[in-house]
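What follows is a single structure, written as structure tokens, with notes after it.
The values are calculated or read from the model by the stated rules, or taken from the named source; none is laboratory data. These figures come from a predicted structure and were not determined experimentally. Don't worry about glycine lacking a Cβ; one is built from the backbone with ideal geometry, like all the others, and counts go over all protein chains shown.
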Ligand SMILES: [Zn+2]
């Protein structure tokens, strides 16, 4: 009987983890990032998912790939925040 209760608790825990991850995904955030966060510490994952601001289409379109490390960086960036190399901003290219 105790095993059944424990199993039920584990299933409920991972169901809640899934719900939190789905909620974050609807805001344009990483499903697995929030899933792992919630699995490690459920209340923290829940609060983070509630507080995180939704990614807008504008945020996504303002990104570009760094030509050196291929990480996504802001299109106005002059220096890549991942590899630290200078990248020409798209704004400069237009002028
Ligand atoms: Zn880079």
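What the table shows:
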| item | result |
| --- | --- |
| Top-ranked residue of segment 72-81 - restricted to ones that are part of a loop (DSSP other than H, G, I, E, B) and surrounded by 13 or more Cβ atoms within 10 Å (Cβ to Cβ), ranked as nearest to the ligand (Cβ to nearest atom) | 80 |
| Within segment 49-67, considering residues that are out of contact with any strand residue (DSSP E or B) (no Cβ under 9 Å at 6 or more places or on another chain) and either assigned to a loop (DSSP other than H, G, I, E, B) or modelled with pLDDT of 90 or more (or both), the one surrounded by the most Cβ atoms within 10 Å (Cβ to Cβ) | 52 |
| Yes/no for residue 93 being out of contact with any helix residue (DSSP H, G or I) (no Cβ under 6 Å at 6 or more places or on another chain), assigned by TED's automatic domain parsing to the domain that holds residue 10, modelled with pLDDT under 90 and over 29 Å from residue 10 (Cβ atoms) | no |
